[in-house]
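Below: the structure, in structure tokens.
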Amino acid sequence: MREWQAQDRPLLEVKNVTKRFGGVVANRNISLFVERGTIVGLIGPNGSGKTTLFNSIVGAHPIDEGEIWFDGREISRYRTAQIARMGLMRTFQQTHIFGKMTCIENMLISMPERRRQLRDLFSPGSRADRARAVDLLQFVGLYSKRHHLAGSLSFGQQKLLEFAMALMSEPKMLLLDEPTAGINPTLINGLVDRLRRTNAELGITLLVIEHNMRVIMNLAEYIYCLAHGELLAAGPPEEIRNDQRVIDAYLGAS
């Protein structure tokens, strides 16, 4: 793993990380880095350890070996809330929203500092918070649904809402777990455009798990591929697209 000078250290650095569940090794000696301001992909067959790695990065699964660094600080033993307050957020394959609350209400309680105080769950929120919530719902295409119950949205719309909720805290980096899964194919191009704008206009670094190869090859500037819990390959999209090891991992070795 490359050693960095303090001034050019990447935003996220995973160093020789291993995560076990009993006798099962979900991640073995994985090293990767994500430079500030980039969009990086994480691919691999089902069961390759991608989501486990995400969970370890955000503190949901304490790692057994290795180190995780974010924005110049080692976060390997930090709790999820501590990591979120540092500006590292994630979304999920299955949405984590409050179905019986409106989209605006979901937005207003999405920031970690609000969740620490129960009374904030029902506060109207500051004028600035509400303005930002409305702007972000417009950004993801949900402005017309802002007063609808979140549970009434389609699954794809719920994923867009969760994405907007993650943006409320103005994160430095977002980990997106299969953002296009469950979204109507006709809307995927619009979502990809929003992800690019999130990176370019809002300055948010993205690490994206994605099974839609057309999407990730066009979105990411660098891609890591996992297989059987280990790092199989890493490189720019064209290199990964033509890597026989990656092809074999997805299609089965000939």
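The values are calculated or read from the model by the stated rules, or taken from the named source; none is laboratory data. Since the structure is predicted, the reported quantities are computational estimates derived from the model, not experimental observations. Glycine also receives a Cβ, built like all others from the backbone with ideal geometry; neighbour counts cover every protein chain displayed.
Condition first: in contact with a strand residue (DSSP E or B) (Cβ under 9 Å, 6 or more places away or on another chain) and either surrounded by fewer than 17 Cβ atoms within 10 Å (Cβ to Cβ) or in a helix (DSSP H, G or I) (or both). Now tell me which residues in the stretch 189-217 satisfy that. Full working, then the answer.
Initial filter on the stretch 189-217 (in contact with a strand residue (DSSP E or B) (Cβ under 9 Å, 6 or more places away or on another chain)): 195-196, 198-199, 204-211, 213, 215-217.
Hits for the stretch 189-217 are 195, 196, 198, 199, 211, 213, 215, 216, 217.
Assuming residue 180 fulfils every condition listed in (1) over 30 Å from residue 128 (Cβ atoms); (2) buried (at least 23 other Cβ atoms within 10 Å of the Cβ); (3) in contact with a Cys (Cβ under 9 Å, 6 or more places away or on another chain) apart from one, which condition is it?
Among (1) over 30 Å from residue 128 (Cβ atoms); (2) buried (at least 23 other Cβ atoms within 10 Å of the Cβ); (3) in contact with a Cys (Cβ under 9 Å, 6 or more places away or on another chain), residue 180 violates only (3).
For the list (1) more than 28 Å from residue 41 (Cβ to Cβ); (2) modelled with pLDDT of 95 or more, I need the number of the one condition that residue 120 fails.
(2)
One line per residue, one yes/no per condition, for (1) modelled with pLDDT under 90; (2) out of contact with any Lys or Arg (no Cβ under 8 Å at 6 or more places or on another chain); (3) surrounded by fewer than 14 Cβ atoms within 10 Å (Cβ to Cβ); (4) part of a loop (DSSP other than H, G, I, E, B):
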| residue | (1), (2), (3), (4) |
| --- | --- |
| 27 | no, no, no, no |
| 41 | no, yes, no, no |
| 66 | no, no, no, no |
| 100 | no, yes, yes, yes |
| 110 | yes, yes, no, yes |
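Could you figure out which of (1) under 11 Å from residue 41 (Cβ atoms); (2) within 17 Å of the chain's Cα centre (by Cα) isn't true of residue 234?
Unmet for residue 234, out of (1) under 11 Å from residue 41 (Cβ atoms); (2) within 17 Å of the chain's Cα centre (by Cα): (2).
Restricting to the stretch 40-92, count the residues that are among the β-branched types (Val, Ile, Thr) and in contact with a Ser or Thr (Cβ under 6 Å, 6 or more places away or on another chain). Walk me through it before giving the result.
First, the residues of the stretch 40-92 that are among the β-branched types (Val, Ile, Thr): 40, 43, 51-52, 57-58, 63, 68, 75, 80, 83, 91.
When the remaining residues are screened for being in contact with a Ser or Thr (Cβ under 6 Å, 6 or more places away or on another chain), the result is 58, 63, 68.
Of the residues in the stretch 40-92, 3 are among the β-branched types (Val, Ile, Thr) and in contact with a Ser or Thr (Cβ under 6 Å, 6 or more places away or on another chain).
Show the residue pairs meeting these rules: Cβ distance below 8 Å; 6+ apart or different chains; first residue within the stretch 224-240 and under 11 Å from residue 31 (Cα atoms); second residue of a type in the set (Lys, Arg) and in a strand (DSSP E or B).
Here the result reads 230/28, each pair linking the stretch 224-240 to a residue that is of a type in the set (Lys, Arg) and in a strand (DSSP E or B).
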